[in-house]
Amino acid sequence: MALYADLHRHLGGALHPRIIYKFLQLQDHAVLNYFPDYEGFYMWFTRQCKTLTEFVKIHTLVEELQSAKHLPYFCKRLCRGAYTFENLQYLELRYNPYFRTDHSQPPERRVELMQEIIEIISANVRPADYPITVKQILCLDRRLPQHLNEAILKVAKDNLGPVVGIDLAGPEIDPEKYDVWVNLLRKARSDGLKTTCHLGETSADNVHPDYFSVLDRIGHGIHIPLSRPDLLKEVAKRQITLEVCPTSYLQTGVIKDLSELKVVFERCKEYGVAIAICTDNPGRNPAPCTLPGEYERLIDHDVIDFADLPQLQTEGFRSAFGFVGQR
Ligand SMILES: [Zn+2]
């Protein structure tokens, strides 16, 4: 049995909508007033959005459900599904620890509570029956003030081991502030953390070459080969891997058809830029929302050739931040 690695998956978008719906029922959650049956919820949860901003709104709802009290419920189920239905051997799960702390608390207290969130997740992503290795990437967020992002960076450093890297997430706003993010990512690297960053997802506007000196991988980055192929040489030289999440771009309105990704894979191959195929938010995609499903869809849409697959699957392990051991 082939085993796979997924390097880009958000905790907030990792769970099958059925699991979220059952959880809402257990909680007798108010959102069920809008969705008395599962089909309605499923259609809303997995619908294609016009923009990334619209997509992120639903993500926020799930983040609030994933509080300290309920994280064990979600962690266990996502490991179980990833191992059983996707044959994942290794998974890097990313999330913003601040957004999962108690929203009724003042910011200073929420900063303290981030440590507890990481400990709960670390303890619950090692289910005895499903021997998948899960490492954590903590997300900074473009919408948060700098001192909170610095606090996230600190708690990541304090938890090196279970936490292997830092990401920059949130809507692609304020491209002119690139130096703020580059400095934080540089600091993360000097703290021993690996780095990735959501960049070049909806356009190339926020892609500044200064990022390349502080990044190990780029989350998406598809607009580099699409609109700024002149930058690919530098990306290759720095050995930065692109995390490409095909179905996600349909869901966030970035592309209309998967065949548009053909040029991404062709140009990266031409310049020697590595790609790892990932899922981003598989629970928000219409079924089958799995990593093997992404491989199959790319072949089906003639984006890649079947013969390209072993190399792309190997890249999932080679570009991992915390994979030790053997495939
Ligand atoms: Zn993402």
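ASP302 fulfils the conditions (1) assigned to a loop (DSSP other than H, G, I, E, B); (2) under 14 Å from GLY221 (Cα atoms); (3) open to solvent by 30 Å² or more (accessible area, probe 1.4 Å) except for a single criterion, (2). Would you confirm, using the coordinates I've provided, whether TYR271 is hydroxyl-bearing (Ser, Thr, Tyr), open to solvent by less than 10 Å² (accessible area, probe 1.4 Å) and under 18 Å from HIS220 (Cβ atoms)? No, not satisfied.
Scanning the range 294-327 for residues that are touching a Pro at 6+ places or on another chain (Cβ under 8 Å) and not hydrophobic (A, V, I, L, M, F, W, C) gives GLU294, ARG297. Filter the range 208-225 for residues that are out of contact with any helix residue (DSSP H, G or I) (no Cβ under 6 Å at 6 or more places or on another chain), more than 19 Å from ASP280 (Cα to Cα) and not hydroxyl-bearing (Ser, Thr, Tyr) and give the result. Within the range 208-225, PRO209 is the sole residue that qualifies. When the range 192-210 is filtered for residues that are modelled with pLDDT of 95 or more, more than 16 Å from the ligand (Cβ to nearest atom) and open to solvent by less than 30 Å² (accessible area, probe 1.4 Å), only LEU193 remains.
On the given criteria, is TYR95 under 26 Å from GLU243 (Cα atoms), in contact with a strand residue (DSSP E or B) (Cβ under 9 Å, 6 or more places away or on another chain) and hydroxyl-bearing (Ser, Thr, Tyr)?
Against the criterion (under 26 Å from GLU243 (Cα atoms), in contact with a strand residue (DSSP E or B) (Cβ under 9 Å, 6 or more places away or on another chain) and hydroxyl-bearing (Ser, Thr, Tyr)), TYR95 qualifies.
Say whether the condition of being within 15 Å of the ligand (Cβ to nearest atom), free of Cβ contacts under 8 Å to residues at least 60 places away in the same chain and not in a helix (DSSP H, G or I) is met by at least one residue in the range 238-246. Yes, some residue in the range 238-246 is within 15 Å of the ligand (Cβ to nearest atom), free of Cβ contacts under 8 Å to residues at least 60 places away in the same chain and not in a helix (DSSP H, G or I). Once the range 259-291 is narrowed to residues that are away from the ligand (no atom under 16 Å from the Cβ) and not in a helix (DSSP H, G or I), the residue that is farthest from the chain's Cα centre (by Cα) is GLY272.
Within the range 222-262, if we keep just the residues that are within 20 Å of PRO175 (Cβ to Cβ) and acidic (Asp, Glu), the residue that is surrounded by the fewest Cβ atoms within 10 Å (Cβ to Cβ) turns out to be ASP230. The helices (runs of 4 or more DSSP H) falling completely within the range 14-90 that include 3 or more residues that are hydrophobic (A, V, I, L, M, F, W, C) and open to solvent by 20 Å² or more (accessible area, probe 1.4 Å) map to 52-65. Looking across the range 1-13, the residues that are within 11 Å of the ligand (Cβ to nearest atom), open to solvent by less than 10 Å² (accessible area, probe 1.4 Å) and not in a helix (DSSP H, G or I) come down to LEU7, HIS8, ARG9.
State whether the residues of the range 211-221 include one that is open to solvent by 10 Å² or more (accessible area, probe 1.4 Å) and farther than 21 Å from TYR95 by Cα. Among the residues of the range 211-221, at least one is open to solvent by 10 Å² or more (accessible area, probe 1.4 Å) and farther than 21 Å from TYR95 by Cα, which makes the answer yes. Residue-level analysis places LEU215 among those that are farther than 19 Å from LEU261 by Cα and part of a loop (DSSP other than H, G, I, E, B). Can you tell me which residues in the range 175-197 are free of Cβ contacts under 8 Å to residues at least 60 places away in the same chain, touching an Asp or Glu at 6+ places or on another chain (Cβ under 9 Å) and basic (Lys, Arg)? Residues satisfying the conditions are LYS187, ARG189. One residue stands out among those in the range 156-172 that are more than 16 Å from the ligand (Cβ to nearest atom) and open to solvent by less than 10 Å² (accessible area, probe 1.4 Å): the one that is nearest to the chain's Cα centre (by Cα), which is VAL163.
The values are calculated or read from the model by the stated rules, or taken from the named source; none is laboratory data. Predicted, not measured: the structure shown is a model, and the values here were computed from it. Cβ atoms come from the backbone with ideal geometry, glycine included; neighbour counts cover every protein chain shown. The protein model used for the area step is the full one, side chains on, heavy atoms only, and it has no ligands, DNA or RNA in it. Shrake-Rupley method; radii C 1.70, N 1.55, O 1.52, S 1.80 Å.
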